[in-house]
Amino acid sequence: MKGHKIISVGEDLSPSRGVDRVKPDPTMKPSLEAQYKELASKREPFLSRAKRLTKLTLPYLFNDNDSGEDQGEGYTQNGWQSLGAQGHTHLANKLAQTWFPSGRNFFKLSFTDDAKAALFEEGIKDVQLMEMLAAAEQRAQLYDQQIQGYLAWVSAAEHLIGSGNCMLYMPPEDDDNLIMYPLDRYVVQRSKSGKVLKMILEEEKVVAEFDEATRATIKAKKPGCKDSESIPVYTCMKWDKSDKKYVITSEVVETEIGKEQRVTAKNNPFIILVWKRLYGESYGRPLLEMIAGDLFVYQFLSKAIAKGCALMAEVKFLVRRGSATTPEKHAKAESGEYIYGEEGDISVVQLEKYGDYQTVQSVMEVYARRIGIAFLLGSAVRRDAERVTTVEIRQDALELETTLGGTYSQIAANGQLPYARLLLKRIGFKIGESDVTPVITTGIGALGKAGELDKLVQFSEMMSIPNGWSPEAQGRMKWSDYMTMIAANLNMEAPWLLTEDEYNQKVAAQQQAAQQQAMQEAAAKAAPQLMKGDS
């Protein structure tokens, strides 16, 4: 063609040849959207596995419809059984109830030894310190109820069992509830030791929710965008090694919005949880992965029985060729009516497989029992009552700990402890962690303040043991040493116990008061006699 030069393959296109080459700027930082897509490829094997496994139990945990429309029809449960769903929800609720016992605080505050010594010098008693901390614990529990924390933790337990990963977020506004993000909403990068180095969250937000300046930027980069439309917002949390803090930034349409935040690891509003993490992996492995074989077999056998029963329920008649009985007369005949024919002209076709399905049913019972053990369906430790004792809750915790192989305590330490710090920060707890530290009281140990009362009950039982001894043995008892020994073995603080000096002073004061009382009574008796002698 005239006026056009054909460029051959491999020809130099440098500026000296008259063609401009666009070079990428090496200093340009990739957008959060690009970083998210890059890390999403490494997340894909874990996410695909989670979607496949949760279809056997709770398929609604992940939505396969990425178009954003018909969210309720984005998944299908091609299952033939509900045992997986029953066990999944049962274990999730059992975990949440043991993490957050009803009517009890899941953590307690404790003064450090240095803080206690300083407060004692100021004349503040130990009992007064306990009252101060108990008030803060109560306010934190009320705030947890206000932001619907329990519901978010139940949802987190469901996702931890199904996908092995989830993330909780405490919004900065006081009127917002605790948010739980599933695995398909964020990507994460960890060090070999498991420390979170980077997290990028993707969520949808309506354009009308942004401020005016941000809306103008969005419409400039996306012409024709309406206020009712939803666009993706990316939030990045990255560890700054030099500053020892996490840097939190947000972007929309490749433009940074909001203010940059810098938070310490203890004040991080994002709590990223895993069920069980292997060395070198950034994502966790779920419980369903451990019992996937049993679930698949139970699903297969359930499908076989369901289809077999459907076939056995069908009723079909076989007519012998050349028979005297016609199918029309046979079909129209009423019950008890006489029709012409011979026996065997019409027969019923049946699926003679009852014995085979009995074998399948017995095999299914074996797999159902194994699945029930994995989901703790057979346990009846917790009573269905309003008031449940600390011993029963401790038994639940022990069962979870031994069955789940330490995962329960791992989540209690890596999830509940940061959550307790966030709650204390929200209620305006002024005392720093150098003076007061939150201690998670769920787990195998005593739970909450009721655990301290449980220790007191054990202390009382041990104190009653010497009452059955002989008088000679009781006379040789050092009660102060015995009580101190019992309290130490129960790991119980007993500030209400008198020391040896305090007890001796108390006894001396009582003896002195008794002597004064005896002298006054003697003087009162002698006074009338003295008056008679004077007369």
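The values are calculated or read from the model by the stated rules, or taken from the named source; none is laboratory data. It should be emphasised that the depicted structure is a prediction, and the values quoted were computed from it without experimental measurement. Backbone-built Cβ (ideal geometry, glycine too); neighbour counts: all protein chains shown. SASA here: full protein model, heavy atoms, side chains in, ligands and nucleic acids out. Shrake-Rupley method; radii C 1.70, N 1.55, O 1.52, S 1.80 Å.
If you filter the range 268-357 for chymotrypsin sites (Phe, Trp or Tyr not before Pro), then keep DSSP loop positions with at most 11 other Cβ within 10 Å, what is left? Write down the numbers at each step before the final one.
Details: sites: PHE270, TRP275, TYR279, TYR283, PHE296, TYR298, PHE300, PHE317, TYR338, TYR340, TYR354, TYR357; in loops: TRP275, TYR279, TYR283, TYR338, TYR340.
Answer in residue order: TYR279, TYR338, TYR340.
Here is the link list: LYS478/LYS525; LYS222/LYS266; LYS29/LYS205. Which ones come out longer than 28 Å on Cα distance?
Working: LYS478/LYS525 40 Å; LYS222/LYS266 39 Å; LYS29/LYS205 24 Å.
Result: LYS478/LYS525; LYS222/LYS266 exceed 28 Å.
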ask   = What lysines could a cross-link reach from LYS125, if we take a straight Cα to Cα line under 22 Å and drop same-chain neighbours fewer than 8 places away?
value = LYS108, LYS116, LYS430, LYS449, LYS455, LYS506
ask   = Say R0 is 51 Å: what FRET efficiency, to the nearest 0.05, do TYR482 and GLN146 get from their beta-carbon distance?
value = 0.65
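What FRET efficiency would be calculated for the residue pair VAL457, GLN261, taking the C-beta separation as r and a Förster radius of 56 Å, to the nearest 0.05? Walk me through the numbers before you get to the answer.
Numbers: r = 47 Å, r/R0 = 0.84.
E between VAL457 and GLN261, to the nearest 0.05, is 0.75.
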query = What residues qualify as long-range amide H neighbours of ILE257, i.e. H under 5 Å apart, gap of 5 or more or another chain, H built at 1.01 Å from N?
reply = SER250, GLU251, VAL252
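Give me the percent of accessible area attributable to carbon and sulfur for the range 184-314, probe 1.4 angstrom.
52
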ask   = Among the lysines, which fall within straight-line cross-link reach of LYS332, defined as a Cα-Cα distance under 25 Å, with same-chain neighbours fewer than 8 residues apart omitted?
value = LYS316
ask   = When the Kirkwood hydrodynamic radius is evaluated over all pairs of different C-alpha atoms of the range 206-273, what value in angstrom, to one decimal, is obtained?
value = 13.6
key: Under the Karplus curve 6.51 cos²θ - 1.76 cosθ + 1.60, θ = phi - 60°, whole-Hz ³J(HN,Hα) for the range 457-472, x wherever Gly or Pro sits   = 5, 5, 4, 5, 5, 5, 6, 7, 4, x, 5, x, 7, 6, x, 5
Share of Cα-Cα pairs in the range 132-280 lying beyond 20 Å, as whole percent = 59
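Leaving out ligands and nucleic acids, note down the accessible area per residue over the range 173-256 with a 1.4 angstrom probe, in whole Å². Don't jump to the answer; show the numbers that get you there.
Details: 4480 Å² over 84 residues.
Using a 1.4 Å probe on heavy atoms only, each residue of the range 173-256 averages 53 Å².
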key: Cα→Cβ-extended label distance, 7 Å offset, between SER230 and GLN189, nm   = 2.8
